[in-house]
Amino acid sequence: MFNIGIIQFKESYITKKYEKYLSHKYELVSSEDTMSNLNKLQAIVAFENEISDVTKLCEMILAVREQSDCYIFIVSTNPNDTGKMIYLRLGVDFVFTENHHELEEILLVMNNTFSRNRKEVIRVSNEDKKEMKSSKLFLIHSNFSVLIEGVREVALTRLEFQTLNLLAEKPKVAFSYEEIYRELYQEKLEGNRTYRVANIIFHLRKKIEVSTNRPMYIKTVRSKGYMLDI
């Protein structure tokens, strides 16, 4: 079952109706727990009920996009749809406005989106199949995932996959925070933004390492950055 995070700043009859409807199909995570569980979510449904919600939603979108590539759906019950283009520019996948208040329509859009994601087929050559079984970590580009020890496939976010892919280009060679940051965000590392890289590594280790305290694959190189030890 897909895990869906709910974001709402003021509860209303309409949002309660949406939540009840969505809960029949998905596992819902409350507003209070959504941001702390981003790595477990496949999507977020956020509600804009008042014009004052626009700024809060923009801040939420930016915060989510720094840490996750999960789908973001905005449901606006506000007749003034000035926030729609802003949300889309910030990376929201779909904005349902007052003309889209049919719950069935919204659920169909979400289902279709998830179905395409679920049905992605991995096509690999015989050589790749051999490498998949023998490699400690085999990156599956078409699926944004990594196969661990030829047994366990783990889904990654885009930023996590990009980071692991970069480290895999030169195993046992340390990449600096700046090199990783530049690869991910296509800009120079300025100020105290190394926490972004550290945060991605933290979530990567949680997904692929047996123990995050004693990582086997992603090693920290003191005063330098990180390297892939395979």
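Secondary structure note: in the chain, about 45% of the DSSP beta bridges are antiparallel.
For the chain, what is the calculated [θ] at 222 nm in deg cm²/dmol (nearest 500), taking -39500 (n - 2.57) for each run of four or more DSSP H residues and dividing by its residue count?
Estimated from H runs of four or more residues: -12500 deg cm²/dmol.
Our note on the geometry: Cα centres of the range 52-72 and the range 133-191, 24 Å apart. Considering only L57, L107, L156, the mean-square fluctuation computed in a Gaussian network model of the chain, springs between alpha carbons under 10 angstrom, is largest for L107.
May I ask for the Rg/Rh ratio of the chain, computed from Cα atoms with Rh as the Kirkwood radius, given to two decimals? Walk me through the numbers before you get to the answer.
On the way: Rg = 19.7 Å, Rh = 19.5 Å.
Rounded to two decimals, Rg over Rh is 1.01.
Largest first, the extents of the alpha carbon coordinates of the range 3-118 on the three principal axes equal 34, 31, 26 Å.
At 10 °C and a viscosity of 1.306 mPa s, what translational diffusion coefficient does Stokes-Einstein give for the range 162-229, taking Rh as the Kirkwood radius over Cα pairs? Give it in µm²/s as a whole number. Present the calculation step by step, with values, prior to reporting the outcome.
Details: Rh = 12.0 Å.
After rounding, the answer is 132 µm²/s.
What FRET efficiency comes out for N37 versus E187 if R0 is 25 angstrom and r is the Cβ-Cβ distance? Round to the nearest 0.05. Once the sixth-power term is evaluated, E becomes 0.30.
Values quoted throughout were computed directly from the atomic coordinates according to the rules given, and no laboratory measurement underlies them. Here the structure is a predicted model, which means the values were calculated and not measured. Neighbour counts are summed over all protein chains in view; Cβ atoms, including those assigned to glycine, are modelled from backbone coordinates with ideal geometry.
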